[in-house]
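Below: one structure, written as structure tokens.
Taken together, the values in this text are just the output of simple stated rules run on the coordinates, not laboratory data. Remember, it's a predicted structure, so these values are computed and weren't measured experimentally. When we count neighbours, we look across all protein chains shown, and the Cβ atoms used for this are built from the backbone with ideal geometry, even at glycine.
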Amino acid sequence: MGPDRDAFAWPDLDELLPSWLLHLRAERKSPETVKSYGDGVRAYLAWCRQTGAPLELTRPLLEAFVVDLIDAGRASSTALSRHNAVRRFCAWLAEEGEVPRDELAGCKGPRLDQPLVDPLSDDELRLLIKACAGPKANDKRDEAVIRLMAESAARAGEVAAMRLSDVQVAQGVAVIRRGKGGKGRLVPFSPYTARALDRYLRARRTHPLADTDALWLGQNGQTFTYYALWWSLRERARRAGIEGMHPHRLRHTGADRWLAKGGTEGGLMTLAGWESPEMLRRYTRRRAAVRAIEEARRLDLGDL
């Protein structure tokens, strides 16, 4: 997960944003368009700071930003608008010679419809967990993170922000204190996840930051931000041979597995921290489609 061979130092994006907006006004863009583009880039930069991501314009970061927007319940049209703003800003930086190339050239925005998100199958989840095998603390940390997210359907940001005091391993319960809208909730976890957490906590004792209250700790004496979590999951997925991995997919996996095991929709809403049935429908469309296929096969309507 080191830097790219062709990596370069990004300029101060906050400093250059007013120049781009001036350029847009000179192109006689409407005030509404200029405002929309400015809001989009500012939202992206704010997201980078909030998640601990570098202030850079790269495809993986832009994709993660868009996924988080959609996960937070923003309309797909809003996500597309934000995406386009960041992409056009990057193109302008390259045109003006502020960066050597446009890293987002050809990067497609989210579709305005809502495609089904494929959750991980049980076999893929096992491979992902197996990819965490190793003696180091970060190996045990990543297994515990994956198990907790896949079981609780918690948001990646919620998990990354957890404190030591939020986890009661013996009781099999964790507290989500930084849920959407500032609302907290309890999430249970199985003995399998409790064992993974216990192994990580024991390995965590030798970390330079062991005395801090942050639950997850990074390598080389560093903290473990949302951005670090995101990259760790991608690396584990690469080792497991799983494509298209992002934290949001684990949330879908948790929701899908809950329903597949016979859990109720009401229970899932409470577990995932949803108040709107619309969010439930968004996450359970694939499971509903699977049930419809199974029902159609039982009905055997082609027997004429």
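Only sites in a loop by DSSP and with at most 13 other Cβ atoms within 10 Å count here; which trypsin sites (Lys or Arg not before Pro) in region 115-178 make the cut? Answer in residue order: LYS136.
A crude spin-label estimate for the pair LEU301 and ASP102, with each label 7 Å from Cα along the Cβ direction, gives 4.7 nm. Model label points for ALA7 and GLU95, set 7 angstrom from Cα along the Cα-to-Cβ axis, are 2.9 nm apart.
Please work out how much length the chain gains when fully extended from ASP14 to GLU235, using 0.36 nm per residue of separation minus the C-alpha to C-alpha distance, in nm with one decimal. Display every interim value, and only then the final one.
On the way: separation 221, 0.36 × 221 = 79.56 nm, distance 2.99 nm.
Taking 0.36 nm per residue and subtracting the Cα distance, the gain is 76.6 nm.
Partners of LYS130 within straight-line reach, counting aspartates and glutamates whose Cα lies under 19 Å from its Cα and excluding those fewer than 8 residues away in the same chain: ASP122, ASP139, ASP142, GLU143, GLU151, ASP198, GLU235, GLU243.
Extension gain, ILE293 to LEU186, is 35.1 nm, computed as 0.36 nm per intervening residue step minus the present C-alpha separation. Here LYS108 is the anchor, and the aspartates and glutamates within straight C-alpha reach of less than 13 Å, apart from those fewer than 8 places off in the same chain, are GLU63.
Pulled fully out, how much extra length does the chain show between GLN222 and LEU164, if you take 0.36 nm times their separation in residues and subtract their Cα-Cα distance? Don't skip to the answer; put the middle values down first.
Values: separation 58, 0.36 × 58 = 20.88 nm, distance 1.61 nm.
Length gained, GLN222 through LEU164: 19.3 nm.
In square nanometres and to one decimal, what's the mean projected area of the convex hull around the Cα atoms of the chain? Here the figure is 19.6 nm², rounded to one decimal.
Of the chymotrypsin sites (Phe, Trp or Tyr not before Pro) found in region 1-90, those that fall in a DSSP loop while having at most 14 other beta-carbon atoms within 10 Å are PHE8.
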